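Trainee: Dropping a structure here in structure tokens format, bear with me for questions.
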Amino acid sequence: MPEPSRRERFRGVLLGTAVGDALGLPAEGISRQRGQKLFKHRWRHRLVMNRGMVSDDTDNTVFVAQSLLAHPDSSELFTKRLAWCFRWWLLSLPAGIGFATLRSILRLWLGVSPSRSGVHSAGNGPAIRAAPIGAFFASSPGHMDTYLEASTKITHADPRALTGAKAVAYLVAWSIRENLAEHPPLEDFLTILRSAGSREQDWHSLVDSIAFAHRQRFSVDQFAESLGLLNGVTGYVYHTVPVAIYAWYKHFGNFEETLSSVLCCGGDTDTVGAIAGALAGAVVGERDIPTGWIQGIFEWPRGPKLLRAIADELAAKSQQPLGSSPVSYFWPGVVVRNAFFLAVVLLHGLRRLFPPY
């Protein structure tokens, strides 16, 4: 079978994000042990009538992708547009927004500059939305770093948040730039990871842990346990990103196994699923993402159709950035969608009050 095209890999990034987000959302915040009782057998959509919906993780990814299309040659204008995306997004009453992101958006509404609106948090937000930047600037590392820093500082000022975002983006860029199809050498993989946090000693210790786990042939859940994540992956970027990265390398080229392995760890499943889905999608493209997982996403107006259109534009404009523009869609429909989504989330939360525990 021929390797996936550049366009297919871009689609894999965005659709992989949405699939991981939607599959993981029903299990978010549940321990590994209870998750094994509630979600037996193969992973499938379970949020509402065997269908899935996406959370703020996919929304954030769409905002970055659209801002890249609007301003591929000006990080300053990119930042301003992304900041406005966040401001108006808050008015649409999104469910499950992270506390650090919420505080940052409130600061934006109070007139704080996007370069100073981020709060001191090492949460996952910047890492979640980093994949489109890595894909778009796969051959332009300097531009990639500039845009990653701009995207991160809007919501997160902690350097660890930027390191996590770089790790995700660098691996996506590597996959697309080198057309990775075969399992890459371990040392090349580790070199890229170390470059994401050259001044972060804690990060380098995590990279060493990844190397050790691989050489000892740890499963993904065993690696999570080695980080102390016995009950599930937390929202700390130095927990979520290493687990997603380890799964990507452990199950390289197999989207279903990559995603299933991180979801089985429990905890912040929608986020770790979204990151692992983007990484795996950059390698396999859309065609090797299980069709049922894509078709099972019940979303409008930011559904798979829109994600494909944005991915196609990103792929085209990444090689010819001038004259670009965002993909249009019926954005007022997001308010209606979010009201429905909130009701679904509340009903799903009620279900969690009942056994099995």
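Readers should treat all values here as calculations from the given coordinates under stated rules, not as data from a laboratory. Computed from a predicted structure; not experimentally measured. As a convention, Cβ positions derive from the backbone with ideal geometry for all residues, glycine included, and neighbour counts pool all protein chains shown.
Trainee: Between Ala27, Ala127, Ala309, find the one with the highest GNM mean-square fluctuation for the chain; connect C-alpha pairs within less than 10 Å.
Mentor: Residue with maximal mean-square fluctuation among Ala27, Ala127, Ala309: Ala309.
Trainee: At 10 °C and 1.306 mPa s, what whole-number value in µm²/s does Stokes-Einstein give for the translational diffusion of the stretch 1-63, with Rh from the Kirkwood sum over Cα pairs?
Mentor: 120
Trainee: Based on the alpha-carbon set only, what is the convex hull volume of the stretch 73-215 divided per residue, in Å³?
Mentor: In the stretch 73-215, the Cα hull volume divided by residue count equals 122 Å³.
Trainee: What whole number of Å gives the distance from the Cα centroid of the stretch 72-96 to the Cα centroid of the stretch 155-222?
Mentor: About 28 Å separates the Cα centre of the stretch 155-222 from the one of the stretch 72-96.
Trainee: For a quick check: with amide H placed at 1.01 Å from N, whose amide H comes under 5 Å from Gly232's, ignoring anything fewer than 5 positions away on the same chain?
Mentor: Counting only residues 5 or more places away or on other chains, the set is Arg32.
Trainee: Which whole-number percentage describes the relative contact order of the stretch 26-351, with Cα contacts under 8 Å and a sequence gap of 6 or more?
Mentor: 25
Trainee: Quote to one decimal, in nm, the extra length available between Leu342 and Leu91 on full extension: 0.36 nm per residue of separation minus the C-alpha distance between them.
Mentor: 88.9 nm
Trainee: Take every Cα-Cα distance within the stretch 284-357, group them into 10 Å bins from 0 onward, and report for each bin the whole-number percent of pairs it holds.
Mentor: Percent of Cα pairs in each bin: 15, 31, 31, 17, 6, 1.
Trainee: Measuring from label point to label point, each 7 Å out along Cα→Cβ, what is the Val112 to His204 span in nm?
Mentor: About 3.2 nm, to one decimal.
Trainee: Rounded to a whole number of µm²/s, how large is the Stokes-Einstein D of the chain at 10 °C and 1.306 mPa s, given Rh as the Kirkwood radius over C-alpha pairs?
Mentor: 80
Trainee: Can you list the HN-Hα couplings for the stretch 341-355, worked out from phi with the Karplus curve (6.51, -1.76, 1.60; θ = phi - 60°), rounded to whole Hz and with x for Gly and Pro?
Mentor: In residue order, the calculated couplings are 4, 4, 5, 5, 4, 5, 5, 5, x, 5, 4, 5, 6, 9, x Hz.
Trainee: Taking only Cα atoms and a 10 Å spring cutoff, compute GNM fluctuations for the chain and point out the largest among Val237, Val62, Val344.
Mentor: Looking only at Val237, Val62, Val344, the biggest GNM fluctuation is shown by Val344.
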